[in-house]
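See structure below.
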Amino acid sequence: MARRRPCSFTHLKITTVVPIYFTMIGLVLALSLVTLHDTTPVASSFPYTVPLDPEGSLQLFWNVSYAEKVVNFQILIKNLKFGMIFGMSDRGDFEGADLAVLWSDGLSSYFGDAWSDENGHLHIDSHQDYQLLSAQQTPEGLYLVFRRPFTTCDPNDYLIEDGTVHLVYALLEKPFQSLSAINVSLLQRGLQRVQLLKPEVHTPQLPKDVITMDVRAPNVVIPDKETTYWCYITELPKDFPKHHIVMYEPVITQGHGAIVHHIEVFQCSEEYDVIPHYSGPCDSKMRPQRLDYCRHVLAAWAMGAKAFYYPEDVGLAFGGSRSSRFLRLEVHYHNPLELRGLRDSSGIRLHYTPSLRRYDAGIMELGLVYTPVMAIPPHQTEFVLTGYCTDKCTNLALPSGGIHIFASQLHTHLTGRAVTTVMVRDGREIAIVNQDKHFSPHFQEIRMLKKPVSVLPGDLLVTRCSYNTEDRSRVTLGGFSITDEMCVNYIHYYPRTELELCKSNVDPGYLKKYFNLVNRFGGEEVCTCPQAAVTEQFNEVPWNSFTTEVLDSLYSYSPISMHCNKSSAVRFPGEWERQPLPVIKQALPPTATSCPPRGDSEPTGPALVDIKNLGYH
């Protein structure tokens, strides 16, 4: 008897399914045929791309239609066997994910919209919101094209919104008789983070006298571990005059597009004449301490991002008498396969001009001061800290015409889960400057705003950060270490002002009242003597629901210490201690979501992928 050979994904034609009743025993299909074009995929119609897996065998391309409120996906599957799973979830978990699935039972193949339960079992969705558009086999592999609306109002579907999107994926190595037979918990799977909803921003022309400079760490041997942050110090030539950076882009070593996760370039503080040269892991005990003073962001790129352009009459100044010659490059390597012996020279290419533009761009820090008086208790699923740039500071430090924010980089350390900055005028929230409800500390990039936000003197900027410390048994303190926490929004704006840091923290005097309260009602002895360090005091707190809720209340109602600082790190003249907590009388209403209309002819089951010329892969 001839042995039935498993199918391979070659010479594909697709028909669309109307109602399907799908069981473990068989399929009853009512089909309406749709002819698909056998045209070669056009890369230019999918301007954004990112490798999904570390080996680059899955390549994602996409574009965004704001008019239709849909994302169009194209996936190149280079070595397809029996199927692929692609989808989205809140934090990158496969359980509870919204999935598009291409699978084969050994005879026929199907594409469907599915979701996974908490145990990893797949279920076909009653509404097929992942709409298959085409599939084409090429010498490179299978190109699969499909689309998904931003919102579907289906409780099992993911809401595509601004900020980070956690993409999940897996390849199927064997046939499955039904979709419900697939358990994602048993598959080799992966995670990639992107910003799907890219803003529609005009790309300015570069000036004719543009000069380029590569900031790259040469011949780095990528460590054979999953996550490495590599730091490298370089310097500008002596007497380097002032220039304007007008654009920057990544320079990725060939073949490393799936390993180089994100890159940042920082300028060091001008107060130090020399920064020791260093090339090594950022968390090494051998790293020079002065690297901590290289925190002025010049450029930041993350996987999936395109080149970053400044507005046509704006440039970021570097060089000149008021600028440090020293730069710190930081490259995040994501090497989950723990590959050895890879040499990398990736970095950032700066495009700059000696012809200075009308406006200097400025970079301002909003949020919380790096201080241990701001703390996050352990075992918290969500704990929120808030930093303020008060109306008193903006009224004193901003020009009469205000400033215009055109880009933003949100930043926390390892426990950060969401970051939002809102602009408040006369007690009313006016605009969201930047928001990421699915923030990941492993995916930080400077993002162009869809629409610039104008901030006038007297406006208030509020930055809220949400943290998760479920896996920590000790308190997490504010500070510089990667195990400490931060809450920062680096806003990119023009025209540049003297105001470089506009941040707050709880008044330290009121924190002393907290420790006294813990001693009074908790029966514990937290040292409240004058010489006691805040770090020591927080580590002595017995963390429970009472001490946690009281700390949260303290941060929500106590006066603040305001840092309204010039670039020299000196505060603007004025009284900044024990400032009243800003009052917000009216919050922005929740964003309205409109459900797409449902047609009677829409498929309620998978699409059948008819495969010809069966053969081994």
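Determine whether Gly120 is in contact with a Phe, Trp or Tyr (Cβ under 9 Å, 6 or more places away or on another chain), open to solvent by less than 20 Å² (accessible area, probe 1.4 Å) and in contact (Cβ under 8 Å) with a residue 60 or more places away in the chain. Yes; evaluated as a whole, the condition is true for this residue. A Cβ distance below 6 Å, combined with a sequence gap of six or more or placement on separate chains, defines the contacts here; from the range 213-229, residues that are at pLDDT below 95 and hydroxyl-bearing (Ser, Thr, Tyr) reach residues that are crowded, with 17+ Cβ neighbours inside 10 Å and assigned to a loop (DSSP other than H, G, I, E, B) in the pairs Tyr229/Cys282. Is it true that Val314 is touching a Phe, Trp or Tyr at 6+ places or on another chain (Cβ under 8 Å), farther than 30 Å from Glu540 by Cβ and in contact (Cβ under 8 Å) with a residue 12 or more places away in the chain? Here the answer is yes, as Val314 does meet what is asked.
Assess whether Phe86 counts as being under 22 Å from Leu608 (Cβ atoms) and under 24 Å from the mean Cα position of the chain (by Cα). In short, yes. Residue count for the range 58-73, restricted to those that are open to solvent by less than 20 Å² (accessible area, probe 1.4 Å) and in a loop (DSSP other than H, G, I, E, B): 0.
Restricting the first member to the range 450-474 and to residues that are aromatic (Phe, Trp, Tyr), and the second to residues that are in a strand (DSSP E or B) and surrounded by 18 or more Cβ atoms within 10 Å (Cβ to Cβ), the beta-carbon pairs closer than 8 Å and six or more apart or on different chains are Tyr467/Ile376; Tyr467/Phe383; Tyr467/Leu385; Tyr467/Gly416; Tyr467/Arg417; Tyr467/Thr476; Tyr467/Glu485. The residue of the range 237-274 that is least open to solvent (accessible area, probe 1.4 Å), among those that are of a type in the set (D, E, K, R) and more than 19 Å from Tyr309 (Cα to Cα), is Glu270. Candidates in the range 215-236 are the residues that are among the charged types (D, E, K, R) and surrounded by 14 or more Cβ atoms within 10 Å (Cβ to Cβ); of these, the one that is farthest from Arg322 (Cα to Cα) is Arg216. Listed conditions (1) under 14 Å from Asp113 (Cα atoms); (2) crowded, with 21+ Cβ neighbours inside 10 Å; (3) in contact with a strand residue (DSSP E or B) (Cβ under 8 Å, 6 or more places away or on another chain) are all met by Asn156, apart from (2). Please specify each residue of the range 278-322 satisfying the condition of being of a type in the set (A, V, I, L, M), part of a strand (DSSP E or B) and more than 30 Å from Phe61 (Cα to Cα). Within the range 278-322, Val314, Leu316, Ala317 qualify.
Return yes or no: is Phe82 of a type in the set (A, V, I, L, M, F, W, C), in contact (Cβ under 8 Å) with a residue 40 or more places away in the chain and farther than 18 Å from Gln192 by Cα? It is true that Phe82 is of a type in the set (A, V, I, L, M, F, W, C), in contact (Cβ under 8 Å) with a residue 40 or more places away in the chain and farther than 18 Å from Gln192 by Cα. Scanning the range 299-328 for residues that are among the basic types (Lys, Arg) and modelled with pLDDT under 90 yields Lys306, Arg322. Could we say that Leu329 is surrounded by 21 or more Cβ atoms within 10 Å (Cβ to Cβ) and touching a Gly at 6+ places or on another chain (Cβ under 9 Å) here? Criteria met by Leu329.
Look at (1) outside any strand (DSSP E or B); (2) over 20 Å from Met88 (Cβ atoms) and you find that His442 fails only one, number (2). Per the listing Ser567, Ser545, the residue uniquely in contact (Cβ under 8 Å) with a residue 24 or more places away in the chain and more than 14 Å from Val373 (Cβ to Cβ) is Ser567. Restricting the search to strands (runs of 3 or more DSSP E) fully inside the range 329-435 and requiring at least 1 residues that are modelled with pLDDT of 95 or more and over 17 Å from Glu500 (Cα atoms) gives 347-353, 383-389, 416-425.
For the range 521-549, enumerate the residues that are of a type in the set (Val, Ile, Thr) and either at pLDDT 90 or above or open to solvent by less than 60 Å² (accessible area, probe 1.4 Å) (or both). Correct list: Val526, Val534, Thr535, Val541, Thr547, Thr548.
Checked against (1) touching a strand residue (DSSP E or B) at 6+ places or on another chain (Cβ under 9 Å); (2) under 22 Å from Ile124 (Cα atoms); (3) hydrophobic (A, V, I, L, M, F, W, C); (4) surrounded by fewer than 16 Cβ atoms within 10 Å (Cβ to Cβ), Val168 meets all criteria but (4). Return the residues of the range 552-578 that are farther than 19 Å from Leu398 by Cα and of a type outside the set (Val, Ile, Thr); say none if nothing qualifies. Asp552, Ser553, Leu554, Tyr555, Ser556, Tyr557, Ser558, Pro559, Ser561, Glu577, Arg578, listed by residue number. Is at least one residue of the range 554-567 at pLDDT below 95, of a type in the set (S, T, N, Q) and open to solvent by 80 Å² or more (accessible area, probe 1.4 Å)? No, the conditions are met nowhere in the range 554-567. The residues of the range 463-485 that are closer than 20 Å to Val422 by Cα and buried (at least 22 other Cβ atoms within 10 Å of the Cβ), listed by number, are Thr463, Cys465, Tyr467. Determine, yes or no, whether Thr234 is closer than 30 Å to Pro311 by Cα and either under 21 Å from the mean Cα position of the chain (by Cα) or hydroxyl-bearing (Ser, Thr, Tyr) (or both). Taking the combined requirement at face value, the residue satisfies it.
To keep it simple, each residue is scored yes or no on (1) touching a Gly at 6+ places or on another chain (Cβ under 9 Å); (2) open to solvent by less than 40 Å² (accessible area, probe 1.4 Å).
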position	(1), (2)
Ala375	yes, yes
Thr390	no, yes
Ala397	no, yes
Leu414	no, no
Gly427	no, yes
Ser440	yes, yes
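Can you name the residue in the range 195-231 that is among the aliphatic types (A, V, I, L, M) and within 30 Å of Ile85 (Cα to Cα) and is also farthest from the chain's Cα centre (by Cα) among such residues? Checking each candidate, the answer is Ile222. All of Gln128, Gln177, Gln192 fail the test of being assigned to a loop (DSSP other than H, G, I, E, B) and within 29 Å of the chain's Cα centre (by Cα), apart from Gln128.
The values are calculated or read from the model by the stated rules, or taken from the named source; none is laboratory data. Keep in mind that what you see is a predicted model, and the values were worked out from it rather than measured. As a convention, Cβ positions derive from the backbone with ideal geometry for all residues, glycine included, and neighbour counts pool all protein chains shown. Surface accessibility is based on the protein's heavy atoms, side chains included, excluding ligands, DNA and RNA. Shrake-Rupley method; radii C 1.70, N 1.55, O 1.52, S 1.80 Å.
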